[in-house]
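Peer 1: Sharing a structure here in C-alpha cells format.
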Amino acid sequence: MYTKILDFKVFNGSKDELMKILLSEGNKYHIVSGNPEVLSTAYINPKLLKNFKEDNTIIIPDGIGVKIASHMVKAPVKEKIAGIEIMQEITAYCFNNNKSIYLLGGKEEVIHSLKEKLLKDYPGINISGNHNGYYDKDEEKYIMDDIISKQPFALFVAMGCPRQEEFIIDIMDKIHTGIMMG
C-alpha cells in the first residue's frame, strides 16, 4: 500500500482506497500532501521528519514529482492524489454523516469566503470553528484550546509548510479528531 521514496512511505493506492482507510472509525490520521517541496522540508526539520515516518501519518502523492520518483524506484503509485480532492471528499463525508470540521489558516477574508462557500455547497454543514492563520505565537494556545474543546472530526490547516504540519503535530495527541490535514 506504500512506495518508499527516500525515507518516506508514500501512499500508492487509489483515492477510493485512501478514503476507506481515512474514514475507518476510531483511527486518527495526519494527511500530508507529499510534493517534493514538503518532503524536502522534512529533511531540514527534525520534527517533520519524525512525524512523516509515524504510522498515523499518510503521505499522499500530491504532485508529479512524487509520481515520477515512484517510477524511478520501480514502485509506481497508482495515481496522483491531490490534497484538495481529499479535503472535498472528507468535507462531503462530514456533511453526509453530521460530523464537524474546523478550519484554520489563511487571511481572515479568505477563511470567511471558504466558510461561505462550504455552507453554500453543503447547506447546514457543521463547521465547529475557524480562525485565520495570522496570529501571534501567544495566541496559539487559545486556538488549540478552542479546537480541543470542539473536537472536530476533521481539522484543515492552511498556513504553509512547515508551520501547518508543526501545528498539527503539536495538537495531534491532544484531540480525538479523526483527520488532520495541511
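The values are calculated or read from the model by the stated rules, or taken from the named source; none is laboratory data. Since the structure is predicted, the reported quantities are computational estimates derived from the model, not experimental observations. Heads up, the Cβs are rebuilt from the backbone with ideal geometry, glycines too, and the neighbour counts pull from every protein chain shown. Note: accessible area is taken over every heavy atom of the protein model, side chains too, but ligands, DNA and RNA are not part of it. Shrake-Rupley method; radii C 1.70, N 1.55, O 1.52, S 1.80 Å.
Peer 1: Taking the simple approach of a point 7 Å from Cα along Cα-to-Cβ for both residue 80 and residue 170, what is their distance in nm?
Peer 2: 3.3 nm
Peer 1: Work out the FRET efficiency for residue 163 and residue 126 from their Cβ-Cβ distance, taking R0 = 22 Å, and round it to the nearest 0.05. Mind showing how you got there, number by number?
Peer 2: Numbers: r = 26 Å, r/R0 = 1.18.
Given R0 = 22 Å and the Cβ-Cβ separation, E is 0.25.
Peer 1: Below 22 Å, Cα to Cα, which lysines can residue 117 reach? Residues fewer than 8 away in the same chain don't count.
Peer 2: Straight-line reach from residue 117, under 22 Å: 99, 107, 150.
Peer 1: Moving to a separate point now. Return, ordered by residue number, the residues of the stretch 54-98 whose backbone nitrogen is under 17 Å from a label point located 7 Å along Cα→Cβ of residue 40.
Peer 2: The answer is 62-70, whose backbone nitrogens lie closer than 17 Å to the label point.
Peer 1: How much accessible area per residue does the stretch 87-159 have, counting only protein heavy atoms and a probe of 1.4 Å, in square angstrom?
Peer 2: On a per-residue basis, 54 Å².
Peer 1: Could you state the accessible area per residue of the stretch 24-79 in Å², with a 1.4 Å probe and every protein chain left in place?
Peer 2: Details: 2930 Å² over 56 residues.
About 52 Å² of surface per residue is accessible.
Peer 1: Next up: Tally Lys/Arg at +1 and Asp/Glu at -1 over every other residue whose Cβ is under 13 Å from the Cβ of residue 70; what's the total? Mind dumping the intermediate values first?
Peer 2: Working: positive: 4, 9, 67, 74, 78, 80; negative: 62, 79.
Taking every Cβ under 13 Å from that of residue 70, the sum is +4.
Peer 1: Under a straight-distance cross-link criterion of Cα-Cα below 17 Å, which aspartates and glutamates are reachable from residue 20, leaving out those fewer than 8 residues away in the same chain?
Peer 2: Those aspartates and glutamates meeting the cut-off are 55, 79, 85, 89.
Peer 1: Using a 1.4 Å probe on the protein chains only, how many percent of the accessible area of the chain belongs to carbon and sulfur?
Peer 2: With neighbouring chains kept in place, the figure for the chain is 54 percent.
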